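The values are calculated or read from the model by the stated rules, or taken from the named source; none is laboratory data. Here the structure is a predicted model, which means the values were calculated and not measured. Counting neighbours? That spans all protein chains shown, and the Cβs are built from the backbone with ideal geometry, glycine included.
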Amino acid sequence: MSFAEQFLSEAKQVIDGLNPDQIEGMAQLLARTRSRGGRLFILGVGGSAANASHAVNDFRKIAGMEAYCPTDNVSELTARTNDEGWASVFESWLQGSRLRGDDAVLVFSVGGGNLEKNVSPNLVKALQHAKSCGSTILGIVGRDGGYTAQTADACVIVPTVNPVHTTPHAEAFQAVVWHLLVSHPAVKQTETKWESVR
């Protein structure tokens, strides 16, 4: 089996291992957030930050949700990192945005955050703040989901089918799941361009 065949075979196994009930639950929570005038804040670091930026576009344009990604504002992100430290950067950003109970926080992450291992402590602190505000917590994460999976109201865990490819599969399937969500009848409000001109 070539490497390409192996990787694609693993991707098929990932799809088979995704939990559709968790995705359906997430769609309902997103629709509820929008209906009560809540905002959606999408958090991620590294490749997941790039995914978060793309997802903000889709939730705003296709789902008609007010959505934001802290990593889109590099000036504020780096100022907060420099002045206050990396671990609190998302928490302080959410505080500045006056996060409230009607809002939702969606985390994209490979590991979901773990304070003991000092992995993505900024996600953990942001979720602790979100919980204290009564916000809805959602996640699309890999491995065992870490703190995100422990805390979330709905969390999709991208199954690890090959530990060597945990990160690429987790980040790739974040995109699959969020595109599913913005296409979901409970969430979608606007036709996408190519489908509208068929």
Looking for something surrounded by fewer than 19 Cβ atoms within 10 Å (Cβ to Cβ), in contact (Cβ under 8 Å) with a residue 24 or more places away in the chain, touching a strand residue (DSSP E or B) at 6+ places or on another chain (Cβ under 7 Å) and not polar (S, T, N, Q) - is there at least one such residue anywhere in the stretch 153-167?
yes
Identify all residues within the stretch 106-146 that are without any contact (Cβ under 8 Å) to a residue 40 or more places away in the chain, in a strand (DSSP E or B) and of a type outside the set (A, V, I, L, M, F, W, C); write none if there are none.
114, 139, 142
Assess whether residue 179 counts as being surrounded by 18 or more Cβ atoms within 10 Å (Cβ to Cβ) and modelled with pLDDT of 95 or more.
no
Out of 134, 101, 113, 85, I need the residue that is of a type outside the set (Val, Ile, Thr), exposed (fewer than 14 other Cβ atoms within 10 Å of the Cβ) and in contact with a helix residue (DSSP H, G or I) (Cβ under 7 Å, 6 or more places away or on another chain). Which one?
101
Filter the stretch 1-20 for residues that are hydrophobic (A, V, I, L, M, F, W, C) and outside any helix (DSSP H, G or I); the one that is modelled with the lowest pLDDT is 1
Among (1) modelled with pLDDT under 95; (2) within 13 Å of the chain's Cα centre (by Cα); (3) farther than 27 Å from residue 76 by Cα, which single condition is residue 192 missing?
(2)
Determine, yes or no, whether residue 76 is touching a residue at least 24 places away in the same chain (Cβ under 8 Å), of a type in the set (Asp, Glu) and in a helix (DSSP H, G or I).
no
Out of curiosity, is residue 139 over 16 Å from residue 22 (Cα atoms) and surrounded by 21 or more Cβ atoms within 10 Å (Cβ to Cβ)?
no
Pairs only if they're at least six apart or on different chains, beta carbon under 7 angstrom, first in the stretch 173-188 and within 16 Å of residue 109 (Cβ to Cβ), second not in a helix (DSSP H, G or I); list them, first residue then second.
173/158; 174/108; 174/140; 177/140; 177/156; 178/140
Residues being part of a helix (DSSP H, G or I), in contact (Cβ under 8 Å) with a residue 24 or more places away in the chain and more than 11 Å from residue 122 (Cβ to Cβ): count how many of those fall in the stretch 79-105.
1
In the list 131, 117, which residue meets the criterion of being modelled with pLDDT under 95 and within 27 Å of residue 88 (Cβ to Cβ)?
117
